[in-house]
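Student: Structure in structure tokens, see below.
The values are calculated or read from the model by the stated rules, or taken from the named source; none is laboratory data. Quantities reported herein were computed from a predicted structural model and do not represent experimental measurements. For neighbour counting, all protein chains shown are included, and Cβ atoms are generated from backbone atoms with ideal geometry for every residue, glycine included. For the accessible areas, the whole protein counts, side chains as well, though only heavy atoms, and no ligand, DNA or RNA atoms are used. Shrake-Rupley method; radii C 1.70, N 1.55, O 1.52, S 1.80 Å.
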Amino acid sequence: MTPVEAAGPDAILKIRDLRLHFPVKAGLLKKTVGYVKAVDGISFDVYAGETVGLVGESGSGKTTIGRCIVRLYKPTTGSMHFRTGAGLVDIAQLDKRELQPIRRDIQMLFQDPNSSLNARMRVGDIIAEPLEIHAIGTADERRARVEDLLEHVGLGAEMYNRYPHQLSGGQRQRVGVARALSIEPRLVICDEPVSALDVSVQAQVLNLLADLQEELGLTYVFIAHDLSVVEYISDRVMVMYLGKLMETAPTRKIFERPAHPYTEALLNSIPKRVRGGHRKRFVLTGDIPSPVNPPAGCVFHTRCQYAKDICKTETPPLRTLPKDPYTSVACHLVDELSLSPYYTAAERADLEPDRA
Amino acid sequence: MDTVLEVSNLKTYFYIEQGVVRAVDGVSFTLQAGKTLGIVGESGCGKSVTSRTIMRLLSPSLARIVDGSIKYYPADGPPVELTQVDPYGDRIRDIRGNEIAMIFQEPMTSLNPVYTIGQQIMEAILLHQDVSKDEARARAIDVLRLVGIPLPEQRVDQYPHEFSGGMRQRAMIAMALSCNPRILIADEPTTALDVTIEAQILELIQQIQQDNDMALIMITHDLNVIGEVADHVIVMYLGQVVESAPVDDIFDQPKHPYTQGLLNSLPMIGRGDRLEPITGSVPGPHERPRGCPFAPRCPQVMDRCRAENPPSFVLGPASDVACWLYEEAAEPSHDSS
């Protein structure tokens, strides 16, 4: 079994050995010829009130995990215990009817506000829909609640009768936020919520999410490919690669002292400014391998510059570091390597002398 | 230093049913061989229309160049005024894809799905260079190898759908580089890609730039990319250049309130401060404000800004800013000096 962080009393979600394998079918009889191992044995806890950032390249399985948690997908195996009023409930295999009360507590915020809002519905009706589905309040109460939500996300109650096409991208994502929050969830899965937005609007939505979290005590699982956004919003970061967790650590630690070679590679791929000319980039070669036929041993060994023989044959378990109980790493070489951070202290001091 | 392109006071307007859209409204910059100009701005700022105007890719029935000039300096021969050439004529065809090449944002939609990668690269080579089909094919394989596509002899006969996203973007770059252009315009070349692939593509572009002394125009909304690759930056807002300065000045001493707002909106790793977003959002093409285009969102707005659009004030040898706050600090304009 994969050791995981000790589950404190305030963990609201405990995921153990989660797997989702999509069958690949081929031929006349649609025989299953293989599986896409989108999520392949992942365990972690989510604590009340925190923001967990989930990062990795496309194909790493981060979106699939998010969709498993909101149960848009049913996991193949593994458990997902969610804390409800009646204690911990495993939601991994619940059916539609059993999920109904849980869905009030777990909501999702989608990437593309253009395609995730029904173009034929008015803004107010879009936000009220979850309230209707869960039969919350009378029609008048629902309307009052929606107007209140519109004010809360910075849109104003006068937006109630607008249609999505009359709004800007940032306003639409605010509608998405209001809809996700309408039934007062405790856990919100944010799947690339700002990646379709302009920089100035992205900052507005990030601040809105941070303010709402503080005010309402929300817990976020924040999925994004933009590491600077993840760094800004997350308390803790989980780095994924080919359906597996490579490293999980507090945000600052991840960026200042990465412990997994893949984390190092990701950090060093982020564009950065170095005073007086251009830096020499550290470039990870090749593409992410196919999840149908993931490499044997450590899934990252084909692109890892430090890989040794053991990495090609044995899969490293995710282990908590003895000297750092908040960091878990899946790498055979964790004790031998000394990896580079995003910015070295010298580069940082050179760029921002007043901060060093 | 060799100037290869000089754009001054360029204005491209779209004439559509709903009225006139002033997509590019007075853009000026100079591009030097071997250097990188970054054009940064949010959606609707006119950065892509600027590049398409330079390439003369816009339909004259829709988009008109109403003012300004685009002077291209070929390796030999007199300068060419690109605003005056026939967009369907031979002169622009000689230049486009040959001397000035472009990489588009979406490699999926800008590659033709029914032709092999090789055929698409060979098309550009055969059009511009007097070579046989076999030579063109050999050259196509060479450029695919140059951009780091494994097994180029086999890949050359594959279709775009057989390539991954990063490889498609490499193929686009191979196509753009097949004729050794003097200017490469990269319009959001890494926007749809993962950071790891983005790093590969940026490294590749810069490598080729150094080897060939190529001038690069990098168009992006991503200030982090600009900070890494650009030598000089122009910041655009609603069709206008609001600030133009060397890259370190843009980040260390941004002058225009819009540049300052963009930087304060940008999550930067290790900074830790709360983001200070610009209020509001970019107005639509038909809601263009009077006076300074940024006035409705500007934290330092004055009465004058709402009435009069500021001209570009010169702050240094390579720094201009279009903002009334700098009227007194300004030097006489570049033109009169």
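Student: For A:Leu18, which sequence-distant residues (separation of 5 or more, or a different chain) have an amide H within less than 5 Å of its own amide H, given hydrogens modelled in the peptide plane?
Tutor: Residues meeting the criterion, in which the H sits 1.01 Å from N, are A:Gly41, A:Ile42, A:Ser43, A:Ser79.
Student: Write down the accessible area per residue of the protein assembly as shown in Å², having rolled a 1.4 Å probe over the full set of protein chains.
Tutor: Details: 29980 Å² over 693 residues.
Heavy-atom accessible area per residue stands at 43 Å².
Student: Looking only at region B:146-285, where both bridge partners belong to it, what percent of the DSSP beta bridges are antiparallel (to the nearest 5)? Present the calculation step by step, with values, prior to reporting the outcome.
Tutor: Details: 6 of 11 bridges.
Around 55 percent antiparallel, to the nearest 5.
Student: Determine the calculated [θ] at 222 nm for chain B from helices alone, applying -39500 (n - 2.57) to every DSSP H run no shorter than 4 residues and normalising by the residue count; nearest 500 deg cm²/dmol. Walk me through the numbers before you get to the answer.
Tutor: On the way: 12 runs with 106 residues, N = 337.
Mean residue ellipticity, 222 nm, calculated: -9000 deg cm²/dmol.
Student: Going by amide H atoms built from the backbone, whose H comes under 5 Å of the H on A:Leu109, apart from near neighbours?
Tutor: The answer is A:Ile189, A:Cys190, A:Asp191.
Student: Considering all alpha-carbon pairs of chain A, what whole percent are spaced by more than 37 angstrom?
Tutor: Values: 15248 of 63190 pairs.
Counting pairs separated by more than 37 Å, the tail of P(r) holds 24 percent.
Student: Between A:Asp17, A:Asp211, A:Asp95, find the one with the highest GNM mean-square fluctuation for chain A; connect C-alpha pairs within less than 10 Å.
Tutor: A:Asp95
Student: Counting DSSP beta bridges in chain B, what percent are antiparallel, to the nearest 5? Display every interim value, and only then the final one.
Tutor: Numbers: 32 of 51 bridges.
The antiparallel fraction comes to roughly 65 percent.
Student: Please report, as a whole percent, how much of the solvent-accessible surface of the protein assembly as shown comes from carbon and sulfur atoms (probe radius 1.4 Å). Could the numbers behind the result be given before it?
Tutor: Values: 14910 of 29980 Å².
On the protein assembly as shown, the fraction of accessible area on carbon and sulfur atoms equals 50 percent.
Student: Dimensions of chain B along principal axes (Cα, Å, largest first)?
Tutor: Principal axes ranked by extent give 66, 48, 44 Å for the Cα atoms.
Student: Among A:Gly243, A:Gly286, A:Gly78, which one shows the biggest mean-square fluctuation in a GNM of chain A, springs joining Cα atoms closer than 10 Å?
Tutor: It is A:Gly286.
Student: Taking 0.36 nm per residue of sequence separation and subtracting the Cα-Cα distance, how much length would be gained by fully extending the chain between A:Lys74 and A:Ser290, in nm to one decimal? Numbers along the way, then the final one.
Tutor: Details: separation 216, 0.36 × 216 = 77.76 nm, distance 2.18 nm.
That pair, A:Lys74 and A:Ser290, stretches by 75.6 nm at full extension.
Student: If you don't mind, another one. What are the semi-axes of the equivalent ellipsoid for region B:110-178, taken as the square roots of 5 times the Cα gyration tensor eigenvalues, largest first, in whole Å?
Tutor: Working: eigenvalues 62, 29, 22 Å².
After scaling each eigenvalue by five and taking roots: 18, 12, 11 Å.
Student: Could you list log10 I(q)/I(0) for the protein assembly as shown at q = 0.09 Å⁻¹, which the Debye formula gives when each Cα is one point scatterer?
Tutor: -0.88
Student: In whole Hz, with x marking every Gly and Pro, tabulate ³J(HN,Hα) for region B:86-93 from phi via Karplus 6.51 cos²θ - 1.76 cosθ + 1.60, θ = phi - 60°.
Tutor: My calculation for region B:86-93 gives 6, x, 10, x, 6, 4, 5, 5 Hz in order.
Student: How large is the helix-only mean residue ellipticity at 222 nm for chain A, computed as the sum of -39500 (n - 2.57) over DSSP H runs with n ≥ 4, divided by its residue count, in deg cm²/dmol to the nearest 500? It would help to have the intermediate numbers written out before the result.
Tutor: Values: 11 runs with 106 residues, N = 356.
Taking each H run of at least 4 residues, the total per residue is -8500 deg cm²/dmol.
Student: With 31 Å as the limit, write out which pairs from A:Lys272/B:Lys47; A:Lys244/A:Lys272; A:Lys14/A:Lys253; A:Lys37/B:Lys47 have Cα-Cα distances beyond it, or answer none.
Tutor: On the way: A:Lys272/B:Lys47 22 Å; A:Lys244/A:Lys272 27 Å; A:Lys14/A:Lys253 23 Å; A:Lys37/B:Lys47 41 Å.
In this structure, A:Lys37/B:Lys47 lie more than 31 Å apart at Cα.
Student: Charges at C-beta only: +1 for Lys and Arg, -1 for Asp and Glu. How large is the resulting dipole of region B:110-178 about its Cα centre, in Debye rounded to 20?
Tutor: Numbers: 7 positive and 8 negative charges, 45 e Å.
The calculation lands at about 220 debye.
Student: On to the next question. Grab the other residues whose beta carbon is less than 9 angstrom from that of B:Ile117, score K and R as +1, D and E as -1, and report the net.
Tutor: Working: positive: B:Arg155, B:Arg168; negative: B:Asp157, B:Glu162.
Overall, the nearby charge balance is 0.
Student: Do any GluC sites (Glu not before Pro) in region B:13-93 lie in a loop, going by DSSP, with at most 15 other beta-carbon atoms within 10 Å of their beta carbon, and if so which?
Tutor: On the way: sites: B:Glu17, B:Glu42, B:Glu81; in loops: B:Glu17, B:Glu42.
Taking region B:13-93 and a limit of 15 other Cβ atoms within 10 Å, the loop GluC sites (Glu not before Pro) found are B:Glu17.
Student: While we're here: Roughly how crowded by other chains is peptide B:221-230, in terms of the mean Cβ count from those chains within 10 Å of each of its Cβ atoms?
Tutor: On the way: counts 3, 4, 3, 7, 4, 2, 5, 8, 3, 2.
Counting other chains' Cβ atoms within 10 Å and averaging over B:221-230 gives 4.
Student: Compute the convex hull volume of the Cα atoms of region B:1-140, divide it by the residue count, and report the result per residue in Å³ as a whole number. Mind showing how you got there, number by number?
Tutor: Values: hull volume 20.9 nm³, N = 140.
It comes to 150 Å³ per residue, whole-number rounded.
Student: Next question, about the same structure. Given springs between every Cα pair under 10 Å in a Gaussian network model of chain A, which of A:Gly41, A:Gly49, A:Gly85 has the largest fluctuation?
Tutor: Ranking A:Gly41, A:Gly49, A:Gly85 by mean-square fluctuation puts A:Gly85 first.
Student: Here's a follow-up. Please name which of A:Tyr326, A:Pro261, A:Ala346 has its Cα lying farthest along the dipole of region A:253-356 towards the positive end, using unit charges on Cβ (Lys, Arg +1; Asp, Glu -1) and the Cα centre as origin.
Tutor: A:Ala346
Student: As an exercise, find the ratio Rg/Rh for region A:1-113 from alpha-carbon atoms, using the Kirkwood inverse-distance average for Rh.
Tutor: Details: Rg = 15.4 Å, Rh = 15.4 Å.
Taking Rg over the Kirkwood Rh, I get 1.00.
Student: Now for a different question. Given Cα pairs under 8 Å that are at least 6 residues apart, what percent is the relative contact order of chain B? Don't skip to the answer; put the middle values down first.
Tutor: Details: 628 pairs, mean separation 66.0, N = 337.
In percent, rounded to a whole number, it is 20.
Student: Give the residue list of GluC sites (Glu not before Pro) in region A:239-329 that are DSSP loop and have at most 13 other beta-carbon atoms within 10 angstrom. Provide the component values of the computation, followed by the final result.
Tutor: On the way: sites: A:Glu247, A:Glu256, A:Glu264, A:Glu314; in loops: A:Glu314.
Sites meeting the loop and neighbour criteria: A:Glu314.
Student: Rounded to the nearest 100 Å², what is the sum over both chains of accessible area buried where A meets B, with a probe of 1.4 Å? Spell out each step's value before the answer.
Tutor: Numbers: alone 17440 and 16350 Å², together 29980 Å².
Counting protein atoms only, the buried area is about 3800 Å².
Student: Specify the inter-centroid distance of region B:188-262 and region A:28-46, based on alpha-carbon positions, in whole Å.
Tutor: Answer, in whole Å: 40.
Student: Note the per residue figure in Å³ for the convex hull of the C-alpha positions in region B:135-218. Let's see the in-between values first.
Tutor: Numbers: hull volume 7.5 nm³, N = 84.
About 89 Å³ per residue, rounded to a whole number.
Student: Further, regarding this structure: What are the extents of the Cα atoms of region B:285-333 along their three principal axes, in Å, largest first?
Tutor: That gives 35, 21, 16 Å along the principal axes, largest extent first.
Student: Give the Debye-formula value of log10 I(q)/I(0) at each listed q (0.14, 0.20 Å⁻¹), with one equal scatterer per alpha carbon of region A:207-337, two decimals each.
Tutor: Computed log10 I(q)/I(0) values: -0.72, -1.24.
Student: With both partners inside the protein assembly as shown, how many of the DSSP beta bridges are antiparallel, as a percent to the nearest 5? Let's see the in-between values first.
Tutor: Working: 65 of 101 bridges.
DSSP beta bridges in the protein assembly as shown are roughly 65 percent antiparallel.
Student: To the nearest 20 debye, what charge dipole does region A:202-257 have about its Cα centre, counting +1 at the Cβ of each Lys and Arg and -1 at the Cβ of each Asp and Glu?
Tutor: On the way: 5 positive and 8 negative charges, 69 e Å.
It works out to roughly 320 debye.
Student: What are the ³J(HN,Hα) values, in whole Hz, obtained from phi via the Karplus relation 6.51 cos²θ - 1.76 cosθ + 1.60 with θ = phi - 60°, for each residue of region B:65-75 in sequence order, with x given for Gly and Pro?
Tutor: 7, 8, 6, x, 9, 10, 9, 9, 9, x, 4
Student: Amide H of B:Ile185 versus every other amide H placed in the peptide plane: which residues, excluding those fewer than 5 positions away on the same chain, fall under 5 Å?
Tutor: Here B:Ala101, B:Met102, B:Ile103, B:Ile217 satisfy the definition.
Student: Another question, then. Evaluate E = 1/(1 + (r/R0)^6) for B:Thr109 and B:Glu276, where r is the Cβ-Cβ distance and R0 equals 35 Å; express this FRET efficiency to the nearest 0.05. Present the calculation step by step, with values, prior to reporting the outcome.
Tutor: On the way: r = 36 Å, r/R0 = 1.02.
Plugging the Cβ-Cβ distance into 1/(1 + (r/R0)^6) gives 0.45.
Student: Filter the trypsin sites (Lys or Arg not before Pro) in region A:81-164 down to the DSSP loop ones having no more than 10 other Cβ atoms within 10 Å, then list what survives.
Tutor: Details: sites: A:Arg83, A:Lys96, A:Arg97, A:Arg103, A:Arg104, A:Arg120, A:Arg122, A:Arg142, A:Arg143, A:Arg145, A:Arg162; in loops: A:Arg104, A:Arg120, A:Arg122, A:Arg162.
Taking region A:81-164 and a limit of 10 other Cβ atoms within 10 Å, the loop trypsin sites (Lys or Arg not before Pro) found are A:Arg120.
Student: May I pose another question? Determine by what factor the alpha-carbon radius of gyration of region B:219-305 differs from 2.2 N^0.38 Å, reporting the quotient.
Tutor: Values: Rg = 13.5 Å, N = 87, 2.2 N^0.38 = 12.0 Å.
Here the Cα radius of gyration is 1.12 times the empirical estimate.
Student: OK, next. Distance between the C-alpha centers of region B:148-164 and region B:65-95? Whole Å please.
Tutor: About 34 Å separates the Cα centre of region B:148-164 from the one of region B:65-95.
Student: Determine the dipole magnitude for region A:173-304: charges of +1 sit on the beta-carbon of Lys and Arg, -1 on that of Asp and Glu, nothing else is charged, the reference point is the Cα centre, and the result goes in debye to the nearest 20.
Tutor: On the way: 15 positive and 14 negative charges, 140 e Å.
Computed charge dipole of region A:173-304: roughly 680 debye.
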